[in-house]
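The values are calculated or read from the model by the stated rules, or taken from the named source; none is laboratory data. Just so you know, these numbers come straight off a predicted model, no measurement behind them. Neighbour counts run over all protein chains shown; Cβ positions are idealised from the backbone, glycine included. Keep in mind that these areas ignore ligands, DNA and RNA; they rest on the heavy atoms of the full protein, side chains included. Shrake-Rupley method; radii C 1.70, N 1.55, O 1.52, S 1.80 Å.
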Amino acid sequence: MHTRPDSFPPAIETALDRALIGLAPPGLLTGCRPIQVGDEQFLLPAERASIATREHRARDASGAGRKIAHELLQRLGWADLAVTRGRMGDPVWPADVVGSIAHDDELAVAVVAQTNAIRSVGVDIEPVVPLPTDLLPIVTTPQDRLGNLDPDIGGRILFAAKEAAYKASFPLDGLVLGFEDIAVDFKSGEAVTSFGRRLTVRFSVSARILALAYTA
């Protein structure tokens with residue numbers, strides 16, 4: 001049990017929980033949690049050692065994400081299992097399990113599945129605000145197809161989708177990708193990397209932008 005900050009509306013957490021469930025394919029477990037002061041306590045010793053930053057807010061965000069991951073892993077039969085940080089900052093999951101963790105300034109989300117249901121997965125969470133104009137040409141490529149996305153926040157949705165796609169592709173290919181290496185077609189709901197990896201992409205917009213990428 002945890003104490004939610006008074007300034008954080010419970011309805012937002014509920015809405016995002018529902019949005020994640022709506023995005024998830026069969027077999028994918030999802031969770032959401034407000035980041036709170038002291039959430040660093042939920043980092044297991046191995047996780048604590050693998051996260052280099054000493055900045056308390058960042059460690060609280062990591063603790064909130066790991067707490068969700070621990071609860072989801074327990075539902076799959078893995079109790080008290082550390083999800084350490086890999087050399088590229090990626091979460092290290094147990095054999096036969098895939099997952100992803102993301103957070104913004106206030107909320108953490110995590111998704112977990114067994115590999116017999118999902119081969120790889122990535123999740124991202126972003127505020128519902130336009131992408132800074134200087135970032136838009138960096139994130140967008142001629143191959144992207146935004147379709148009928150809201151022009152005000154389409155760039156931010158694309159950013160989230162590419163972040164999720166990169167997180168899903170890295171465990172499979174081990175390749176560091178830039179935004180220019182990922183093309184997203186929102187009409188077909190697919191992302192393709194410059195190395196030929198194809199991923200399903202889904203997103204939702206409510207109190208936050210949520211993006212999910214996976215291979216089934």
Going by the structure shown, is Val123 more than 23 Å from Ser204 (Cα to Cα), modelled with pLDDT of 95 or more and β-branched (Val, Ile, Thr)?
-> no
Please state which one of Gly27, Gly65, Gly31 is small (Gly, Ala, Ser), part of a strand (DSSP E or B) and at pLDDT 95 or above.
-> Gly31
Subset of region 106-121 (residues that are surrounded by 24 or more Cβ atoms within 10 Å (Cβ to Cβ), under 18 Å from Phe170 (Cα atoms) and either within 9 Å of the chain's Cα centre (by Cα) or small (Gly, Ala, Ser) (or both)) = Ala110, Val111, Ala113, Val121
Taking the stated definitions as given, is Ala61 of a type outside the set (Asp, Glu), touching a residue at least 40 places away in the same chain (Cβ under 8 Å), closer than 19 Å to Gly122 by Cβ and open to solvent by less than 70 Å² (accessible area, probe 1.4 Å)?
-> yes
Name the single residue, out of those in region 89-104 being modelled with pLDDT under 95 and more than 12 Å from the chain's Cα centre (by Cα), that is surrounded by the fewest Cβ atoms within 10 Å (Cβ to Cβ).
-> Ala95
Any chance region 191-198 includes a residue that's open to solvent by 20 Å² or more (accessible area, probe 1.4 Å) and among the aromatic types (Phe, Trp, Tyr)?
-> yes
